[in-house]
1. Quick one: length gained pulling Asp26 to Ala210 fully straight, 0.36 nm per residue minus the C-alpha distance?
2. Treating cross-link reach as a plain straight distance, find the lysines whose alpha-carbon is under 23 Å from the alpha-carbon of Lys166, omitting any fewer than eight places away in the same chain.
3. Tell me, what HN-Hα J-couplings in whole Hz come from the Karplus equation 6.51 cos²θ - 1.76 cosθ + 1.60 at θ = phi - 60° for each residue of the range 124-140, using x for Gly and Pro?
4. Just going by the charge dipole of the range 115-294, with Lys and Arg at +1 and Asp and Glu at -1 on Cβ, which of Ser115, Phe168, Gly192 is farthest out on the positive end?
5. Calculate, for Asn78 and Lys166, the FRET efficiency according to 1/(1 + (r/R0)^6) with r their C-beta to C-beta distance and R0 22 Å; round to the nearest 0.05.
6. Zone of Thr314 (label point 7 Å along Cα→Cβ, backbone N under 16 Å): which residues in the range 76-119?
7. Would you please give the FRET efficiency between Ala33 and Phe335, computed as 1/(1 + (r/R0)^6) with r the Cβ-Cβ distance and R0 = 45 Å, to the nearest 0.05?
8. With an 8 Å cut-off on Cα pairs and a minimum separation of 6 or more residues, tell me the relative contact order of the chain in percent.
Amino acid sequence: MSHDNRPQPPLWIVEEDVRQLVSLNDAIDALAAGLVLEARGEAGNVDKALGQWNASSMHALGAMMPLRGYVAFKTWANTPRGAAAVLSLYSATDGALLALMEASAIGTLRTAAISGLATRQLASDDADEMALIGTGMQSPMQMAAIAAVRPLKRIRVFSPTPEKRKAFLARAEAMMGCEIVEAGSVAEAVAGAPIITLATRAREPFLTAAMVDRGAHVNAPGAILPGNAEFHQDLFDRAGLVVVDNKRNAAKASREFGERYGADAARWEGVHTLGEILDAGIRRAEGSDVTLFKPMGMGLSDLAVAALVYERATGAGLGTPLPVGTRAAPRWTAFEQQPQTMVG
């Protein structure tokens, strides 16, 4: 993208703008294009940084798509009392700030979109049922992402707190155009399901390989902190295709993958990135067993969506212009020698 006629004011783009400008379906397609660029060496990520205190965490990640003309950073803090995320989008050509965006909606879009994209590529073509484990903030869009790529007839839902589960079911029935079924356990939810999505903050794994039917596709976007885990190690033994969004992030922060593959790069050779399988056109082999996808979150996912948001915002006249950046030298005061006081 060309960024001519500088200086142009950067834009402040809020959540409602994002909602108006980009749908989940749009995000899936934008993400697919961005991941293929990465697989071809034409886009890249800045490794995720993580800090933790008490029950809180802070994060930063970045990405670059120089051929598209964009680079970006996203930063956020997550605490028991709330969270906030901001994405800063820059020109890859001249370094100018193009936009600041409220990034919670972008994060929700890209987290759901990458599950949808992996499911589109890896789930059986005739899959029409989904098991959803977890009823937190990400769960509604996780359902929507699968419904965007497969004709769902039924969704089975389980979470450990009955009150939260029932409240979620009521919202899901109003949101989705298919049957929503309450399950009484993880095993009941996933039995026979061709698509399984794990969207929890579980501290200990709960999904075993024996629970999963042959030919199922499993998305595991929930456990993204080193102390969390959703599935047992025996699921790897069933997986004919193991896919992540980013190997470095998975090695750094996924307990499940860390326990399986450790720090030895040679052991990771059988793990593919989603960009690699998209670029190579790899699909589920007919009659194959489980496929497993673990997204940890990466800057390129955010950038792919944010670039589309920015381009549509400029085309639609949305976003609030901010003052064009200026530069000024810092103030300083010269050191003054103090008079010496003679003693004695």
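1. Value of the extension gain: 62.6 nm.
2. The qualifying lysines are Lys153.
3. 4, 4, 9, 5, 9, 9, 9, 10, 10, 10, x, 10, x, 4, 7, 4, x
4. Result: Phe168, furthest along the dipole toward the positive end.
5. 0.25
6. 88-101
7. Here the calculated transfer efficiency is 0.20.
8. Relative contact order of the chain: 21 percent.
Coordinate-derived values only; no laboratory data. All of these numbers come straight from a predicted model, not from anything done at the bench. Glycine also receives a Cβ, built like all others from the backbone with ideal geometry; neighbour counts cover every protein chain displayed.
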